[in-house]
Structures are given as C-alpha cells and as structure tokens.
Amino acid sequence: MTYNGDVTPGGAPAVRELDRLTVTKVSVGPMDNNAYLLRCHGTGEQLLIDAANEAPRLLELVADGGLATVVTTHRHMDHWVALEEVVAKTGARALVHADDADGLPIPAEPLRDGNTVRVGDCELEVIHLVGHTPGSIALLYRDPSGVPHLFTGDSLFPGGVGNTEQDPQRFGSLIDDVEHKLFDRLPDETWFYPGHGKDSTLGAERPALPQWRARGW
C-alpha cells in the first residue's frame, strides 16, 4: 500500500520504506498524537520520535528489535506521557533540546541546534525552532537516495505553524525560524511529518507562508 501518512487513534500504523530507513507512523490517544518509529535497515537499530502515549502500543511496535533512543520534540505533556515507561522497559536513551529538558518526567540528554542524532547508519539533524516552546525541535533526515524527510513536532503543520498562544513575540520567532531554517534551506519535495494529523510537503505549504505571517498565528 502506498504511504500517505493518514493514521487514526487505535488504527493501523502507516509504514514507509526508504532505501536505508523504515518509518512507521502511529497515532495514539486521547489527543491524536503521532509517534514515529525509525529503523535502520543496515543495523536494525531503532529510534522513537515522541513517546506520546499508549506505552504498550509503542512497545508492541518496537517488538524484539530493541530501542536505542527516544527523542522528544518538545516539552508539552501530550508528547511524553509514555516516555518514562518506554525508557524503563527498553533502556533507551532519552533526548530533548536543552531548553525543554526541565519539562520532562525523567532526566534526558540535552540536544542543541545542529547536533546529529544517529539511528544505526543514518543521521538526523537537530533543527531548533523557537516559539511553540523554547526548546522545540525538528529532525531532518537527508535520504541519500530520495527526498529529505522532516519530523516537525508541533512547530509546523499542513496549514500553518504551531500554536504560540497569540503571543506576537513567540509567533514572530516561530514563523521566522520555520521560514529561514526549513523553507529557505530545503526543497519543495521535502516531506514533513507533524506531531498531530496528516503529513505534507514543503512545496504544498510554501505558497501560504505570506498568509500565515499576515494572520499572525
């Protein structure tokens, strides 16, 4: 089945096979959060982006392949409810941006803009996007055999940037970071995977950037 990123709470995962990496997307309740399990083909090593909720379901996805790392995209509770249990049962490293580390229920290793997180033979670049929270990040995988893949947490969705609670300073920071660190750097075919809901591409969203900035949220 062709991957389209359309998942629902309690529904089947969506699986995307890249040349070196398998991306499995699942939605967990009660807030329809997306969690992403990445598995390196060369080594079998696995990394989870956002242990959002439903720890037993996430552990079932991990199965007997083990889990090396859990990256939390930002400190909001709906993105880490299952973190403590998943880490306790797998021994995985927990990673989060340094500016959001105090919002997690367990200690986590700090990340900063430009850091690299490995999953087996594959590398993810940490991109710091300030505004939704102080330490929100996106993770970029540059597929050597295809298009870039970008995991954006709650900083970028189809239709706009993440919630900044009508704070003009936070909104200005986030829209600037999203425009300059993502849209200005990456091509239209870049596929992005948000923290909730459906995926999109930068090319599909790029024409709306001026409208997003003008509306201010």
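Miscellaneous remarks
- Note on segment 105-117: residues that are closer than 19 Å to residue 86 by Cα and surrounded by fewer than 18 Cβ atoms within 10 Å (Cβ to Cβ) amount to 5.
- Per-region count, segment 1-42, residues exposed (fewer than 14 other Cβ atoms within 10 Å of the Cβ) and among the polar types (S, T, N, Q): 3
- Single residue of segment 80-104 satisfying the filter (of a type in the set (A, V, I, L, M, F, W, C) and more than 22 Å from residue 61 (Cα to Cα)) that is surrounded by the fewest Cβ atoms within 10 Å (Cβ to Cβ): 98
- Residue in segment 46-53 that is touching a residue at least 12 places away in the same chain (Cβ under 8 Å) and surrounded by fewer than 21 Cβ atoms within 10 Å (Cβ to Cβ) present: no
- Pair list, Cβ < 7 Å and 6+ apart or interchain, from segment 140-169 residues that are under 15 Å from residue 129 (Cβ atoms) to residues that are of a type in the set (Lys, Arg) and surrounded by 17 or more Cβ atoms within 10 Å (Cβ to Cβ): 164/170
- Pairs where the first residue, in segment 97-125, is touching a residue at least 24 places away in the same chain (Cβ under 8 Å) and the second is β-branched (Val, Ile, Thr) and part of a strand (DSSP E or B), C-beta under 6 Å, 6+ apart: 97/137; 104/96; 108/96; 111/126; 124/117
- Count of segment 142-174 residues which are crowded, with 22+ Cβ neighbours inside 10 Å and assigned to a helix (DSSP H, G or I): 2
- Check on residue 186, among the aliphatic types (A, V, I, L, M) and part of a loop (DSSP other than H, G, I, E, B): yes
Coordinate-derived values only; no laboratory data. Given the structure is predicted, the values throughout are model-derived calculations rather than measurements. So basically every Cβ, Gly included, is an ideal-geometry build from the backbone, and we count neighbours across all protein chains shown.
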